[in-house]
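The values are calculated or read from the model by the stated rules, or taken from the named source; none is laboratory data. This structure is a prediction, so every number in the text was calculated from the model and none was measured. When we count neighbours, we look across all protein chains shown, and the Cβ atoms used for this are built from the backbone with ideal geometry, even at glycine.
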Amino acid sequence: MNINYRKYSFQDFSRDEAFRQWVFNTDSKNDEFWKNWIAENPDCAENINIAKAFLLTLEEKDLSLDNDDLDAITDKIVAEAPLVIPFWTTRAFKLAASMLLLLSFGFFGLKYFYQESGDITSEKINSNLSSNYLETENNKTTNQQITLQDGSIVTLYPKSKIRYPKQFSTQLREVYLTGQAFFNVTKNPKRPFWVYTSHISTQVLGTSFMVKAFENENNIKVEVHSGKVSVYRREDLEKAKLQQKNEMVGIILTPNQEVDYSITDERLLKSIINRPEVLIANSPKHFTFDETPISKVFEILEKTYGLNIIFDEKNMENCFLTASFSDESLYDKLNLICKITHSTYEIVDAQIIIHSKGC
């Protein structure tokens, strides 16, 4: 190695590939070199130790530090905690202080989980997704079906890619998706199934659902067809892990519900899928109502589609419906009902809200 490491700062060491390989791999071929170099350059031990501790704290193998960011954070620490001992105002202390901030608040951990693009690497989720894994990319124009080790079936859409372990762990089943896929997950309450994308995470126990997360689109969508899933922003999930919290901020979805994540607004919005499916087995294809009280009509629709319909029963007690439905969508049914009863509806938090002045 012909690099003059004596001129290296803490940041330089933490960026150096050979140094990072030595820190993270004790059997590295560079081991002898670094041990000899440190013995020959004891005056550089401080920078070496700080850089090594910093990397181990981050557990980061592809680090790219911004000097301005580092200076701003360390200067802020010193400013917020006035110190009187001269050594504490030195660059070495500032760097050590930045590590203390990282350990306390996970600032850099979060920063490098989420680069400007919002992307994350699958190795930060599970080591099995970075080494002992399989990866399938669908470059065809038709859907591709994949059967995972646990029996779960993934329908991978064109221009999509999925990474998954050869063998799931005994506690979790985790996959990483780019693009669009439909999941039919084998039930196993003891081994939750996680689907990770660059911005959101979806947890299920056993269900069928769709995830759409293409890299060049501003929105990510999760649609539930059966069962129940929980959807989290990746940032919220990682914060909960860093702070060792059992409570996580997410959205629960049931059949015929969906969530849209706006990358621009960084916001999850819960709603109803475009064409809700009939959920009741052996449900009649035709619905005929003859002067049926509106409360009974809404009750039947709720059971048929598994969705909540909220209305003022007292206000609509004199509303009755005479109509026949066949294969119309739920929205077409609602439009006709509202027209007949002189009402309107809106979707709020995946619930149907009926507004009426009475009949």
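Take the conditions (1) surrounded by 15 or more Cβ atoms within 10 Å (Cβ to Cβ); (2) under 21 Å from Ser226 (Cβ atoms); (3) modelled with pLDDT under 95; Ile309 misses just one of them, which is (3). Take region 144-201 and flag every residue that is charged (D, E, K, R), buried (at least 16 other Cβ atoms within 10 Å of the Cβ) and under 21 Å from Leu237 (Cα atoms). The answer is Arg163, Arg173, Glu174, Arg191.
Matching residues to (1) β-branched (Val, Ile, Thr); (2) under 20 Å from Ile263 (Cβ atoms):
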{"position": "Pro158", "(1), (2)": "no, no"}
{"position": "Leu172", "(1), (2)": "no, no"}
{"position": "Thr178", "(1), (2)": "yes, yes"}
{"position": "Val185", "(1), (2)": "yes, no"}
{"position": "Lys190", "(1), (2)": "no, no"}
{"position": "Leu205", "(1), (2)": "no, no"}
{"position": "Val249", "(1), (2)": "yes, yes"}
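Within region 334-359, if we keep just the residues that are closer than 30 Å to Arg267 by Cβ and of a type in the set (D, E, K, R), the residue that is surrounded by the fewest Cβ atoms within 10 Å (Cβ to Cβ) turns out to be Glu346. Of the residues making up region 264-287, those that are without any contact (Cβ under 8 Å) to a residue 24 or more places away in the chain and loosely packed, with under 13 Cβ neighbours inside 10 Å are Asp265, Arg267, Asn274, Ala281, Asn282, Ser283, Pro284. Answer yes or no: is there a residue in region 222-243 that is surrounded by fewer than 18 Cβ atoms within 10 Å (Cβ to Cβ), in contact with a Lys or Arg (Cβ under 9 Å, 6 or more places away or on another chain), over 28 Å from Ser326 (Cα atoms) and free of Cβ contacts under 8 Å to residues at least 60 places away in the same chain. No, region 222-243 has no match at all. On the basis of being without any contact (Cβ under 8 Å) to a residue 40 or more places away in the chain and either closer than 27 Å to His225 by Cα or surrounded by 13 or more Cβ atoms within 10 Å (Cβ to Cβ) (or both), does Asp290 make the cut? It is false that Asp290 is without any contact (Cβ under 8 Å) to a residue 40 or more places away in the chain and either closer than 27 Å to His225 by Cα or surrounded by 13 or more Cβ atoms within 10 Å (Cβ to Cβ) (or both).
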